[in-house]
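Trainee: Have a look at this one.
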Amino acid sequence: MQYMCLIYSAEGTGPQPGTPEFGPFIQAYQEFGAEMKERGAMVAGDALQPTATATTVTVRDGKAITTDGPFAETKEQLGGYYLLDCENLDDALAQAAKIPTATYGRIEVRPVMVWDD
């Protein structure tokens, strides 16, 4: 079954580029990705650009309205995701706990509805 692991943290928390901690942090992400590929669990995964680049679309009365920034009004922002193919929810949760940002933020794990054509 596929599980979406949504990576949330407050922008600017955790190791930042140019700090001694940043290299090992990125290395941990590379190792996580390699482990998921080796397991055959990696379906997709990417980081997102900062929230300043986001645009939210809302449709009201048939008219599309765009707003700069993300919709959520929270300290933690969606920063990236992994789409994993795991045996079950327990397996997905165990893998999500390995995502490096789990130490600084949160990882939301949700089963994916796969619609057959």
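The values are calculated or read from the model by the stated rules, or taken from the named source; none is laboratory data. Predicted model only: the values in this text are computed from it and were never measured. Cβ coordinates were reconstructed from backbone atoms using ideal geometry, including for glycine residues, and neighbour counts include every protein chain displayed. Surface accessibility is based on the protein's heavy atoms, side chains included, excluding ligands, DNA and RNA. Shrake-Rupley method; radii C 1.70, N 1.55, O 1.52, S 1.80 Å.
Trainee: Counting Lys +1, Arg +1, Asp -1, Glu -1, what net charge surrounds residue 6 among other residues with beta carbon under 13 Å of its beta carbon? Provide the component values of the computation, followed by the final result.
Mentor: Numbers: positive: 106, 110; negative: 46, 76, 108.
In short, -1.
Trainee: Also, I was wondering about something else. Can you match P(r) over Cα pairs in 10 Å bins from 0, in percent to one of these, [x] 12, 38, 32, 15, 3, 0; [y] 13, 32, 26, 22, 7, 0; [z] 16, 50, 29, 5, 0, based on a calculation from the structure here?
Mentor: [x]
Trainee: Sticking with this structure for a sec: For residue 37, give me every one of the lysines with a C-alpha distance below 18 angstrom, ignoring sequence neighbours fewer than eight places off in its own chain.
Mentor: Candidates past the 8-residue exclusion: 98.
Trainee: While we're looking at this one, here's another question. Of all GluC sites (Glu not before Pro) in segment 1-70, which ones are in loop regions per DSSP and have a Cβ with at most 15 other Cβ atoms within 10 Å? Numbers along the way, then the final one.
Mentor: On the way: sites: 11, 21, 31, 35, 38; in loops: 11, 21.
Loop-located and lightly packed - 11, 21.
Trainee: Carbon-plus-sulfur fraction of the accessible area of the chain, 1.4 Å probe, in percent?
Mentor: Working: 4320 of 8130 Å².
For the chain, the apolar C and S fraction of the accessible surface comes to 53 percent.
Trainee: Summing Lys, Arg as +1 and Asp, Glu as -1, what charge do residues with Cβ under 14 Å from the Cβ of residue 42 carry, residue 42 excluded? Spell out each step's value before the answer.
Mentor: Numbers: positive: 37, 39, 98; negative: 31, 35, 38, 46, 85, 91.
Overall, the nearby charge balance is -3.
Trainee: Let me check I've understood the local charge: for residue 53, count other residues with C-beta under 13 angstrom from its C-beta, Lys and Arg +1, Asp and Glu -1. What total comes out?
Mentor: My count for the surroundings of residue 53 gives -2.
Trainee: At 1.4 Å probe size, with every protein chain present, just tell me what the per residue accessible area of the chain comes to in Å².
Mentor: Values: 8130 Å² over 117 residues.
I get 69 Å² per residue for this part.
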